[in-house]
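The structure appears right after this line, and notes come after that.
A short reminder: the numbers here are calculations on the coordinates, not readings from a lab. Bear in mind the structure is a predicted one, so any value in this text is a computation, not a measurement. Glycine also receives a Cβ, built like all others from the backbone with ideal geometry; neighbour counts cover every protein chain displayed.
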Amino acid sequence: MILARIEQLRPVQFLGGYFLKGHQAVYELSGGRIGHRILGVPCLLLHTTGAKTGRARTSALTYARDGENYLLAASMGGSPRAPGWYHNLLAHPEVQIQIGTRRMPAAARAVQRGEPEYDRLWGALNAVNSDRYTGYQRLTTRPIPVVVLTPQYT
């Protein structure tokens, strides 16, 4: 009975949720000294403000680079809905990012399928993540946006 239920869940939802929460906790508690890479892929901490609550929120997310920018995919493992962090940054695009021990302000913007730079940015993200995002896109009819984070150096 339990195994039948587990088989119905997407592996990302079942195992990924617990694994990613544990990884994020280690990343945060170590001040970024541990956790910059997850399964060989670079990972950052995205600090947003809740769209509805106004509370500080943190998400550990894999990323790719595009020059000085950082790229994220709002995939949520191919879920039919976008992740909460995506809604937060649409409401409050001024965010903080932490890469390892370095934390900095950044401006976030979403790039949608059909925009001129989308395919190039999607390709960079997908390559860093071993083609996982193509698989996630197959799981949903929702177009998965790419988020560009531009550091705001003071």
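Provide ASP66, ASP131, ASP119 in ascending order of the number of other Cβ atoms located within 10 Å of each residue's Cβ, fewest first.
Values: ASP66 17, ASP131 10, ASP119 13.
Going from sparsest to densest Cβ surroundings: ASP131, ASP119, ASP66.
Between ALA25 and LEU139, what is the label-point separation in nm under the 7 Å Cα-to-beta-carbon projection?
Taking the two extended label points, one gets 2.3 nm.
Any chance you could run the full-extension gain for ASP131 through GLN152? It's 0.36 nm times the residue separation minus the Cα-Cα distance, nm to one decimal.
Once the chain is fully extended between ASP131 and GLN152, it gains 4.6 nm.
Using the Karplus equation 6.51 cos²θ - 1.76 cosθ + 1.60 (θ = phi - 60°), what ³J(HN,Hα) coupling, rounded to whole Hz, does each residue of region 94-111 give in order, writing x for Gly and Pro?
7, 10, 10, 10, 10, 10, x, 8, 9, 10, 8, x, 8, 9, 9, 9, 8, 10
What is the packing order of peptides 37-50, 103-116, taking the mean over residues of other C-beta atoms within 10 Å and listing the highest first?
Highest-to-lowest ranking by the protection proxy: 37-50, 103-116.
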